[in-house]
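Computed from the coordinates by the stated procedures, all read-outs in this text should not be read as laboratory data. All values derive from a computational prediction rather than experimental measurement. Ideal geometry is used to build each Cβ from the backbone, glycine not excepted, and the neighbour counts take in all protein chains shown.
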């Protein structure tokens, strides 16, 4: 097991880039599956930021936070995919722009 | 010298993520996502968090992504889905969000770059993580388990309805 | 001891009024009459006892404090009833004449709806008038002032089902309101100068605080004059009184002849020190009085309604009282107030008998030849008219001649006042003769019905006696209060002779002219004659002037503001609220990606702020 010292800004910038790529995916894609995937990318980026923070101090706290983010992502994916199935059932397509009845 | 490993892994991650967001076929995008996650696992390992790296591979790439794959296969969009996506996804839709993300990126880089620090080159073994989990973060663990229970019940409910609707639709 | 009963004088009418208001017409008529007239009778009786006690105590001013009304930051007006010569005289007139009129009204109003309501309002009026004359501070006086104004409104519009009566009542209220505002301003000014509204304190301190001719004193006196002008129907606020005859005749007798309209005279007489210190204001009082007495007398000549003739006559006689106050004949003014109450009330009551007998016919040209059918009203009207014209030895003669002779002696302009007063006395005789001749002589044009009961006849007879003999004893009590120390004795000389003979001449001329009035018909029916008659009958055009100057611009403004500019502000607030709602609702599109974009934008803005900070 190795550990190297990396400038923290670089790791955080990487996390930021991944986060924003995920955000762009959420904003652009209309297919629900792709949006969920983009959300996963964003959460993964957050996890990376936490690990980087933990590594800065050499403490386990970063990894623990990462585990909590992971369980959150799992829970969200489970329920979200269930919703996707229902969406497909009722509307016949996966376009989220068509599902906009909750307006006004 | 080993820092080059980090940059390589980072490049892989970014390019894989870019590809995820721009694919038309859902299955392709999922595979690229898995690649991205594996690259991130390498970075975790380099940062001295082997346990997190393992979790990333086993749970994130191994369970969550597999779940995605199952659902995509169930929905069975296929070629029709690809054609639909091609129709929907036009290049000019990338301009607005791209600009917005670019601005955000610049802001974030500005904020991040004002600090200077380096990661401590210390391996945090799983043993240490375990002790911290059952020590100060006990409550968080319990809360996470309740969250997962709630998600379990929700997914079960949705799935049951889906199966029922499907059976009725088939008849 | 008896002086302590003073509070009963004003409490009895109030109790009567409240009792009748509370029972709202559920009592039988006999009870209502008993309570309504009885409370004033009780008041009059106690007033008599108090008067006797006052004399026995040597005519020392007496004040009875009931309780403290307001106690704020050094301003503590009390409910205090003060009794001195002036208020004793006023109290006597109000309760005495009031009682007689109430008894008359029990008969006159017997066939009308709202019997109980009528007496409730009348009693309330008497209470308010008593507070006005018995109050020892200007705030209590103002309470009574406003109270009589309210009751006047209620009683003028008594026959409320006819909208014209409502208009007349509102006209009276609004016009007197203008005067009331001036009076309120005067009260504010007095309070600012003296820190109290107690009359005795103000009058005592006025000499030390203000020098002779002080501008603030003049201003305060003029403002109070404004209030008096409104209440007493003098020029320029006199237009309401002829229209006030829309009320029942007892109301006209009590309120618009004997008591309320004399409140202005009482106010000026009570605040005499202010006017002595402000000669310009006192001159204004005299001028107002002189102008009104003449214009009203001229207008009375052209009236056709049997109630409007005495109405204009009242205006004219109060003009005499104002002129008397203006020339310094204070006691003469109050004396005339008392005698006028007697004979004017008598005239109104007699006119009421005539009206009732002719089934509410009020046009004198449809009457005629009634002296045989209605002997008692005829006799009473005759006596009342004699007193009004100031024929020798009647009560009116003593008071009016006192005024005229005193005004002659008033500096350089004295003879002018005398001349106007005498000319108007001639006119008074003329118009009263016109009324008598046209109503009671000649051929009878309308049939008479019915017969007056005792309750209508006896008050008229009592008032007739007073109208003749009321002036023989002078008016001693006032002398202790008013600066001129009582009535003078001017009963000799050429001037007195001329003054005495003017009304006699007028009566003779009037008799001759109006019994042969058909000969003058040609003159009356020319175009000029018609125009003159119309002009005089309308009260010399004041209504038309006010209509053009005040009413029309105001109505035009109200019409321009039909959509209520102020309301538009509030409507704008509501419209703004709704516009904001629509704007916000537009952001809820239902598109998930739109919300995500907004979140990203928000994040960008926050990071920008974080960088900026």
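Wrap a convex hull around the Cα atoms of segment B:114-171, take a quarter of its surface area, and give that in square nanometres.
One quarter of the hull surface, i.e. the mean projection, equals 8.6 nm².
Please list C:157-163, C:269-275, C:559-565 highest first by mean number of surrounding beta-carbon atoms within 10 Å per residue.
Packing proxy ranking, top to bottom: C:269-275, C:157-163, C:559-565.
Could you tell me the center-to-center distance, by alpha carbons, between segment C:138-169 and segment B:1-71 in angstrom?
So the separation of the two Cα centres works out to 95 Å.
To the nearest 10 degrees, how steeply does helix C:493-515 sit against the main Cα axis of chain C, on a 0 to 90 scale?
80
To the nearest whole percent, what portion of all C-alpha pairs in segment B:13-80 is separated by more than 15 angstrom?
Distances greater than 15 Å cover 55 percent of the Cα pairs.
When 1/r is averaged over all different Cα pairs and the result inverted, which Kirkwood radius in Å belongs to segment C:318-387?
Taking the inverse mean of 1/r over all distinct Cα pairs, segment C:318-387 comes out at 13.6 Å.
Can you give me the Cα centroid spacing of segment A:12-88 and segment C:19-61 in angstrom?
97
Just check segment C:389-436 against the gyration tensor rule for me: Cα atoms, a ≥ b ≥ c as the square roots of the eigenvalues, rounded for a/c under 1.5, and otherwise prolate or oblate depending on whether a/b exceeds b/c.
Cα axes put segment C:389-436 in the oblate bin.
Using a 10 Å cut-off around each Cβ, can you sort A:83, B:30, C:404, C:100 from fewest to most neighbouring Cβ atoms?
Ascending number of Cβ neighbours within 10 Å: A:83, B:30, C:100, C:404.
To check my understanding: the extent here is largest minus smallest coordinate of the Cα atoms along each principal axis. What are those three numbers for chain B, in Å, largest first?
62, 45, 27
Suppose R0 equals 56 Å. What FRET efficiency, 1/(1 + (r/R0)^6) with r the Cβ-Cβ distance, do residue C:444 and residue C:24 give to the nearest 0.05?
Computed FRET efficiency for residue C:444 and residue C:24 comes out at 0.85.
Need one number: nm distance between label points at residue B:138 and residue C:454, each 7 Å from Cα along Cα→Cβ, rounded to one decimal.
About 11.1 nm, to one decimal.
Stokes-Einstein diffusion coefficient for segment C:298-343 at 37 °C in a medium of 0.692 mPa s, Rh from the Kirkwood formula over Cα pairs: what value in µm²/s?
294
Please compute, for the alpha-carbon atoms of segment C:48-88, the extent along each of the three principal axes and give them in descending order in Å.
For segment C:48-88, the Cα extents along the three principal axes come out at 39, 15, 14 Å.
Give the span of segment C:506-613's Cα atoms along each principal axis, as three whole-Å numbers ordered largest to smallest.
109, 34, 21
With a cut-off of 19 Å, note down the residues of segment A:71-86 whose backbone N falls inside the zone around a label point 7 Å from the Cα of residue B:149 toward its beta carbon.
Residues A:71-76, A:78-79 fall inside that zone.
Quick check: convex hull over the Cα atoms of segment A:56-104, volume per residue in Å³, rounded to an integer?
Hull volume over Cα atoms, normalised by residue count, gives 126 Å³.
For chain C, what relative contact order do you get, as a whole percent, if you take Cα pairs closer than 8 Å and at least 6 residues apart?
Details: 992 pairs, mean separation 76.1, N = 613.
It comes to 12 percent, rounded to a whole number.
Could you work out how much longer the chain between residue C:476 and residue C:359 gets when fully extended? Use 0.36 nm per residue separation minus the Cα distance between them, nm to one decimal. Kindly include the intermediate steps, with their values, before the conclusion.
On the way: separation 117, 0.36 × 117 = 42.12 nm, distance 4.34 nm.
Full extension of this stretch gives 37.8 nm more.
Could you give the C-alpha radius of gyration of segment C:557-612 expressed as a fraction of 2.2 N^0.38 Å, taking N as the number of residues it contains?
Normalised Rg, Cα atoms only: 2.01.
Using Cα-Cα distances under 8 Å and only pairs 6 or more residues apart, what relative contact order does segment C:410-511 have, in percent?
About 56 percent, as a whole number.
Kindly provide the Kirkwood hydrodynamic radius of segment C:233-358 in Å, to one decimal, from all pairs of distinct alpha carbon atoms. Could the numbers behind the result be given before it?
Numbers: mean 1/r = 0.0686 Å⁻¹.
Final number for the Kirkwood radius of segment C:233-358 is 14.6 Å.
Using a Förster radius of 22 Å, what is the FRET efficiency between residue C:161 and residue C:111 based on their Cβ-Cβ separation? Nearest 0.05, please.
About 0.90, to the nearest 0.05.
First check a/c for segment C:491-565, with a ≥ b ≥ c the square roots of the eigenvalues of its C-alpha gyration tensor; if it is under 1.5, answer rounded, and if not, answer prolate when a/b is larger than b/c or oblate otherwise.
oblate
Run the numbers on chain B and let me know its relative contact order in percent, using alpha-carbon pairs under 8 Å that are six or more apart.
That works out to 20 percent.
Quick one: if you stick a label point 7 Å off each Cα along the C-beta vector at residue C:526 and residue C:305, how many nm between them?
3.0
What is the angle, in °, between the Cα long axis of helix A:8-28 and the longest principal axis of the Cα atoms in chain A? Nearest 10 is fine, range 0 to 90.
In chain A, helix A:8-28 runs at an angle near 0 degrees to the longest axis.
Assuming 0.692 mPa s and 37 °C, estimate D for segment C:367-459 with Stokes-Einstein, Rh taken as the Kirkwood radius over Cα pairs, in µm²/s.
In µm²/s, the coefficient rounds to 216.
Identify the residues of segment B:11-28 with backbone N under 15 Å of a label point that sits 7 angstrom from the Cα of residue B:82 along the Cα-to-Cβ direction, or state none.
Under cut-off, by backbone N: B:23-28.
Counting residues in segment C:151-201 as N, plug N into 2.2 N^0.38 Å and put the Cα Rg over that result.
Its radius of gyration relative to the 2.2 N^0.38 Å reference: 1.65.
Dividing the Cα convex hull volume of segment C:42-162 by residue count, how many Å³ per residue is that?
Normalising the Cα hull of segment C:42-162 by residue number yields 115 Å³.
Please work out whether segment C:125-225 counts as rounded, prolate or oblate from its C-alpha gyration tensor, where a ≥ b ≥ c are the square roots of the eigenvalues and a/c under 1.5 means rounded, while otherwise a/b larger than b/c means prolate and anything else oblate? Intermediate results must be reported in sequence, preceding the final value.
Values: a/c = 4.24, a/b = 2.16, b/c = 1.96.
Note, shape of segment C:125-225 comes out prolate.
Assuming R0 = 22 Å, can you tell me the calculated FRET efficiency for the pair residue B:54 and residue B:122, based on Cβ-Cβ distance, to the nearest 0.05?
After rounding, the FRET efficiency stands at 0.80.
Please state, to two decimals, what the Cα-based radius of gyration of the protein assembly as shown comes to when divided by 2.2 N^0.38 Å (N = residues).
Dividing the Cα Rg of the protein assembly as shown by 2.2 N^0.38 Å gives 1.76.
What order do you get for C:547, C:401 when you list them from fewest to most C-beta neighbours inside 10 Å?
By the 10 Å Cβ count, ascending: C:547, C:401.
What full-extension length gain, to one decimal in nm, is calculated for residue C:423 and residue C:211 as 0.36 nm per residue of separation minus the Cα-Cα distance?
72.6 nm
Plugging the Kirkwood radius over Cα pairs into Stokes-Einstein for chain C, at a temperature of 20 °C and a viscosity of 1.002 mPa s, what D comes out in µm²/s?
82
For chain C, take the longest principal axis of its alpha carbons; what is the angle in degrees between that and the long axis of helix C:199-209, to the nearest 10 within 0 to 90?
80
Could you tell me the convex hull volume per residue, in Å³, taken over the Cα atoms of segment C:1-47?
Values: hull volume 2.5 nm³, N = 47.
For segment C:1-47, the hull spanned by Cα atoms encloses 53 Å³ per residue.
Quick one: what does P(r) look like for chain A with 5 Å bins over all Cα pairs, in whole %?
Over chain A, the share of Cα pairs per 5 Å bin runs 2, 12, 17, 18, 16, 12, 9, 6, 4, 3, 1, 0 percent.
Can you grab the distance from the C-alpha centre of segment B:111-154 to the C-alpha centre of segment C:345-399, Å, no decimals?
114
Relative to a virtual label point 7 Å from the Cα of residue C:65 in the Cα→beta-carbon direction, which members of segment C:121-137 show backbone nitrogen distances below 16 Å?
Hits in segment C:121-137 for residue C:65 at 16 Å: C:135-137.
Taking the C-alpha atoms of segment C:414-556, how large are the radius of gyration and the largest Cα-Cα span, Dmax, in Å?
21.5, 59
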